Structures are given as structure tokens and as C-alpha cells.
Amino acid sequence: MKAFSLCLGGLLAAMFAASGALAQQAVKLGLILPYSGQFADTATQMDNAIKLYVKQHGDSAGGRKIEIIRKDSGGIAPDVAKRLAQELVVRDRVDVLTGLILTPNALAVGDVSAEAKKFTVIMNAATSIITTKSPYMARTSVTTPMLNESLGMWAAKTGVKRVFTMVSDFGPAHDAEEGFIRAFKEAGGQVVGSVRFPVANPDFAAFVQRAKDSNPDGIYAWVPGGVQPAAIGKALSERGIDTKKFRVMGQGELTSDEALQSLGENALGIITVFHYDHNLGNKLNRAFVQAYNADYKRNPDLFSIGGWDGMHLIYEVLKKTGGKTDGEAMIGAAKGMKWESPRGPMMIDPQTRDVVQDVYIRRVERVGGKLVNVDFDKVRNVKDPVKARMK
Amino acid sequence: MAAVLPPQAAPHEFLRARTRWHPLEIVFWLSTLLPFVVVPEYLQLASQIAIAALFAISLDLILGYAGIVSIGHAAYFGLGAYTAGILSKHGIGEPVVLLVLGAIVAGVVGYASSFIIARFRHLALIMITLGICLMFYEAANLAGWLTGGADGLQGIKIGPLAGTFKFDLYGKTAYSYSLIVLFLCFLLARRLTHSPFGLSLRGIRENAVRMPAIGAPSDAHIRKVYTIAAAIAGIAGAVLAQTTSTVSLEVLGFQRSADVLVMLIMGGAGKLYGGILGSIVYMVARDQFSGINPQYWYFWIGLMMVLVVMYLPNGLLGGLEKLTARWRRSPT
């Protein structure tokens, strides 16, 4: 064992010497995404944005060329993601680990990031605790509590007193519900009832009726995408709940573009909270959406913006370190970094290495014949509330 | 690989001939040490191949030998993984102890469900095994306080192996450990399948109704082998949990059950080495194809599966055996 670690030490020393001598060697990014399986489309959207960023900003930063090595984690598979990360480190000798759409995979890669001291950028996975797994991790997406606690607070402040919550019975929905209720209560609101329904629930009529019976002045709903937003919209309208007059609230996915198509008229007036939408009116975003559409014939979404800002962070960090790629230098440069993104002002929190950003409150309206999420209010500079409470 | 003896030889003579080690087997096991020297940067993959091979052997015992079709074998793999993961969180860090506990839990559950398994054959078994696996998946999903739910189990703390060898980034310890466990379990499975018990399992596969008529109780044998297979699957799961320090719902997922079935059928069911060969080919192919084309590599896997089933109905190992038989015959 001793001989082995000596060898390893020698090897590492040789590596460092080599990296000094070959300053022009490429910086390698290990990109771990679920390219195959049921989450493949999320990977496509993120990869598109990454390609677009490289196309617009060139393939070098901080005086060094950037090389991306893509690996497929194939859905939720932390053991595979972890092995890929280990192989990227020991075989491909990457300098940065990134991508990471799914929480279990991101958590598993956290161990590798910490042990190998590799700068790691989470471009999507939204569970709060991920960034605590490694001191070399930063995140450019969002956290679930960030969105839902903002919404809870905002709801209570804008006149909702009694809320009924209805969410799917699985992890991400529980986190969202918990965040919303906590902030809503803290701001003086009252939760008059809560239900959790099975994840693959086709009919919401009974649950909506229960909500109605408890006489709330707002409903908070969280369902996964697919056919469910339409089903819940149908149940609401059948039970005579007019979303234009009555406050129905949720997280952005409830009224995503696909959901809006299936929801139709029933979507009008639904209020959601999100950190990005391709309809945001600022100049940077308009240019981003236009370029994205030109190359990929579709609109960017939350995965795209996470990938875009993740690449931006990596490029800016390399510029700041002058091409140095050791974990300490890179995370040091990332801490406190600020930039203007298509989604608005962004910052990496120097304490938690998590993202700090504005979150938008949007309402579904008909604009030019199409249903869109129109942002009409925002909560500024939101930090991840869970980690803020940890201290 | 089996030596064919004239039928008049005494049965114990026949069995003894089968248990003899073929030189090729020795060469094979020695060559499993090659990755340490030849591809030291692939040890992590080698370790996961060894785990997959162990899992395939466990499925082979029930599917290949006893003819029990299962597409829910991940239930026991997952139980072993969760047992090892959860107990390590609560202070039991010694890998070997965790391994034994994982095997016991999976074995006990396997024994309990074997009473149902022994009553059915064929298509009904597909539904039952899948159903059992789905039940465990949902239970683990619901028991978020225990299993971490959809986020996966957090806080797994695995101690160093034998108090000395830490599970390192290169996978040196991981592969050594997985390989030793694989070999020991293989010895057990080999002994089992070459015993009279193993022979009666094959009898059950061919005709389950007839076996009791010649004095071999089918149900009791099925319960026994199912319990053993479940325990081995639990060991495979525990090793995965330990070598990767991760456990998530996916260890109980349908994909895992399906993958192991594919590996076994591709390698050749009912031959022990078939499962091992299948997992090597499948996992290496997956790694290489997905490295070349991360988006559409399933196409090549699919093509490979179709070709193997079309041209090698007895799996890769069956094909190899045919080839060597032909080669042996041709000079004469």
C-alpha cells in the first residue's frame, strides 16, 4: 500500500510538472448528462445551450483551449454517474465536472468532486443540500425552496390568507410543498388543508372538491409535467373554480409551454414562480432566444439557461484564474462572481457557492393569440433559504 | 465445457467429472487479474462488471438452472444495497459485516416470497416477480425517512476494507473486493450446480411435474434455490452500495432487472460463465458505445442484442462452445 501511494504521489507530481510545462494544454470539462432514457430531452436542451455558448464565445478562455467530454448517465443512476465522474478524473484527467441534471446523480458526483478536489458546476439539479457535498461545487440553476418559499411569502404579502395545498406524493413535490407552506405561514398565512395524491393520478376532481369545501382563497398545486397539468386544469374548471378570479399558484413547470398547450383556456390566470422563461423581456434574453431558435428551432427552457450560465461561470472563472484549473483556485474565483444573464442579474454566493438570483412571479395571459407566462412581479436577490437557515 | 461420459458410468463418477476444473476456467480466473496491470484506469468499471456478473450468476441459478423466469430480480439486489447503505449510516462500517447482513435480509425476504414463486410457472412468474419488485420500489419511495426517497440515501459511511484498504478514486480496492466476492460466490454456485441438487434443479426446469414422481420434491428445491439466489443478489447489491457509497431507488428499478436478464441471455443462461461473459460484453459495449455517441448508443446495443439472439440462440458462450466443438472435430 505504501509503495502504491508513493507511486501515486510520483504520478501526481509528474502530472503537475507536465501541466506547468504545457500551459497551452486544453482545459477538459467532463459533462455528465442523461443523454439517453426518459430525461434525454432535458439533456438535449442543456447541451444545445452549451454548444451555443461555445459557438458565440469561442472554444478558449483564460488563454487555454476548452475541450468537452460528454458522458451519458442514462437517467437516475448515481452509481453510474459516480463511476463516470471517477473515470473522467482518473482516465480523461478532466479539470471540471459539470452538467448534472438529476439530484441523486449530482449528490453522488459530489463525493468525487470533494475527494479529487475538482471544480464542479451543477447546471440543473435543484435539491438544496447538493452543494454541501463538496467545497468545490457551485450551482447555476435554482433550488426548489428558493422558488417556493419566494412564492409563499409573496402570496401572503399580496392578500392570500387561507391556502389549500395539493401536491403529488413524491420527493420533489414534498420539498416544494414544504417550502411554500413554511414561508406562507411565516408571513402570516393559514393553511386550511393539504392533500397529496399519487404521482400518476389521472383525475383530480375529488381533490379539487375537497379544496373547495375548505373554502380557501388560494390553491397551491404541484404536479409533474406531462398530462397532469391539463387534468388538474380540467378539474378546476369543472368544479367552477375560475382561475382568472381565484388564485391558483404553483411552480413554473405547472404552466410550461407543453403544459399550456394541453391546458388551453383553463390556464388563463394561473400564477407561477420561476427563475427563467423565454418570454422575459430583457435585451440579453431576446438575443439568446433568437440565437437559440436559429440553431435549434425551439425555445430555450430552464435546462438551457442552467447550461448557458454554467458555461459562462466556467469561462469567467478561467479568465479570472488566468487558466489555472486546480479546485481551490477555481472555486475561489467563482465565489462572489456576478454577471448579467438572460434571466437577470446572477451571483454565486461566496458562503454557500449557490446561485443568488431574482425569481419571477408570472401569470398566464393571452398575448397575440398565444398563451404565455407574463412576469408581473419579482422577488430580488433570492438566496437558497435552506442553507441560510443551516448557519 | 462438460465432459460427456458414457451413460453406464456411475452417477457419482459423472458428477465428479463435472466438478473437475477445466484448464480454460483457470485461465479465465487468472485473466480477471489483468485489469490491474493492463487497464488500471478502468478498474471502477471492472468493479461494476464484477458486481453485474455476480448478479447475473444469482439470476442464472433460478432462471438458467431451475427455469424460474424472473424480471424482478432487482428486488433482492436493492434489498441488499439498502440494507448495507442504511446500516452503514447507523455505525456499522465494516464492509464484510454489511455484506453478510445484506445477504441475510435479501435471503429472508427471498425465502418468504419463494412460497409464492414455487406455486407458479412461466408467464405467471413474470407478473409475480415484477410485482414484488415494484412493491419494494414503491415502499422504498414512500419510506423517505429511512431510504432518502427519490433523492437517494445520504450519509453512507463505509469503513476501509479489513480496516486497512480505503475505497479509492481509482477503484483498486473496489475491484479487488468485488472480484473476491464474485469468486467466492461463484465457487458456491459452481459447487451447487454440480451437486445432485443442481441436477434435480435441471430436472425441474425440464419437467417440474415429473420430478416429484422420481422422488425429488420440486417445491422444496425451488424454495431452496430461490432463497440462495436472493441472498447472492443481496450480496451483489451490498457490494455496489459499498464500492460506490450510493444507493438510490434505481437499485430496485425495472431497468436493473431487465439489464441483468439481457446480460444473462446474451452470455448464455444455464452455464454460470454465461452470466459473467454476458456482463463483461454488455458493460464494456455500453461503456464504449456511450463514449463514442452519448445520445444514440442504445441503437448499437439493440443491434447487438438482436444479432446475438438471431445467430447465437444459446448466447455467446453457447456460440463459443459450438465453435470449439467444430474446431475439434474438423482435423479428424
- prompt: Could you say which residue among A:Ala259, A:Ala231 is surrounded by fewer than 23 Cβ atoms within 10 Å (Cβ to Cβ), in a helix (DSSP H, G or I) and not acidic (Asp, Glu)?
  reply: A:Ala231
message: Looking at the stretch B:7-22, can you tell me whether even one residue there is loosely packed, with under 15 Cβ neighbours inside 10 Å, away from chain A (no Cβ under 14 Å), farther than 24 Å from B:Leu317 by Cα and of a type in the set (Asp, Glu)?
response: yes
- request: Determine which member of the set B:Ile104, B:Ile62 is at pLDDT 95 or above, more than 14 Å from B:Val247 (Cα to Cα) and either hydrophobic (A, V, I, L, M, F, W, C) or over 13 Å from the mean Cα position of the chain (by Cα) (or both).
  value: B:Ile104
message: Here are the criteria: (1) modelled with pLDDT under 90; (2) farther than 28 Å from A:Lys324 by Cα; (3) not in a helix (DSSP H, G or I). Tell me which single one A:Ala23 does not satisfy.
response: (2)
- prompt: So which residues in the stretch A:174-193 are out of contact with any Gly (no Cβ under 8 Å at 6 or more places or on another chain) and either of a type in the set (A, V, I, L, M) or within 14 Å of chain B (Cβ to nearest Cβ) (or both), if there are any at all?
  reply: A:Asp175, A:Ala176, A:Glu177, A:Glu178, A:Val191, A:Val192
Filter result for B:Gly274 (in a helix (DSSP H, G or I), of a type in the set (Gly, Ala, Ser) and within 13 Å of chain A (Cβ to nearest Cβ)): no
- prompt: Does the stretch A:318-333 contain at least one residue that is free of Cβ contacts under 8 Å to residues at least 12 places away in the same chain, under 30 Å from A:Ile129 (Cβ atoms) and assigned to a helix (DSSP H, G or I)?
  reply: yes
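Condition check ((1) loosely packed, with under 11 Cβ neighbours inside 10 Å; (2) of a type outside the set (Ser, Thr, Tyr); (3) modelled with pLDDT of 85 or more) across all residues:
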residue: A:Ala13; (1), (2), (3): yes, yes, no
residue: A:Ala17; (1), (2), (3): yes, yes, no
residue: A:Lys28; (1), (2), (3): no, yes, yes
residue: A:Gly37; (1), (2), (3): no, yes, no
- prompt: When you go through B:Ala241, B:Ala216, B:Ala258, B:Ala233 one by one, which is the residue that is more than 14 Å from every other protein chain (Cβ to nearest Cβ) and in contact (Cβ under 8 Å) with a residue 60 or more places away in the chain?
  reply: B:Ala233
task: Sort out which residues of the stretch B:138-153 are crowded, with 21+ Cβ neighbours inside 10 Å and either polar (S, T, N, Q) or more than 7 Å from chain A (Cβ to nearest Cβ) (or both), and write them in order of number.
output: B:Ala140, B:Thr147, B:Gly148, B:Leu153
- prompt: How many residues are part of a loop (DSSP other than H, G, I, E, B) and touching a residue at least 12 places away in the same chain (Cβ under 8 Å) if we restrict to the stretch B:313-332?
  reply: 1
query: Just for the stretch A:56-74: of the residues that are β-branched (Val, Ile, Thr) and within 14 Å of chain B (Cβ to nearest Cβ), which one is nearest to B:Leu249 (Cα to Cα)?
result: A:Ile69
task: Return the only residue of A:Lys244, A:Lys185, A:Lys283 being among the basic types (Lys, Arg), touching a strand residue (DSSP E or B) at 6+ places or on another chain (Cβ under 7 Å) and exposed (fewer than 15 other Cβ atoms within 10 Å of the Cβ).
output: A:Lys185
query: Pick from the stretch B:154-180 the residues that are within 9 Å of chain A (Cβ to nearest Cβ) and either assigned to a loop (DSSP other than H, G, I, E, B) or in contact with a His (Cβ under 8 Å, 6 or more places away or on another chain) (or both): which of them is nearest to B:Ser245 (Cα to Cα)?
result: B:Gln154
Single residue of the stretch A:29-55 satisfying the filter (free of Cβ contacts under 8 Å to residues at least 24 places away in the same chain and within 9 Å of chain B (Cβ to nearest Cβ)) that is nearest to A:Gly74 (Cα to Cα): A:Ala40
- request: Please identify the pairs in which a residue from the stretch B:278-298 that is closer than 15 Å to B:Ser47 by Cα and within 10 Å of another protein chain (Cβ to nearest Cβ) has its Cβ atom under 7 Å from the Cβ atom of a residue that is crowded, with 19+ Cβ neighbours inside 10 Å and of a type outside the set (D, E, K, R), counting only partners at least 6 apart or on another chain.
  value: B:Asp287/B:Leu45
- prompt: Could you list, in sequence order, the residues of the stretch B:23-59 that are outside any helix (DSSP H, G or I) and either free of Cβ contacts under 8 Å to residues at least 24 places away in the same chain or among the hydrophobic types (A, V, I, L, M, F, W, C) (or both)?
  reply: B:Leu33, B:Val39
query: Going by the structure shown, is A:Gly171 at pLDDT below 95 and over 21 Å from the mean Cα position of the chain (by Cα)?
result: no
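The values are calculated or read from the model by the stated rules, or taken from the named source; none is laboratory data. Predicted model, so just to flag it, every value in this text is computed and none were measured. Cβ atoms come from the backbone with ideal geometry, glycine included; neighbour counts cover every protein chain shown.
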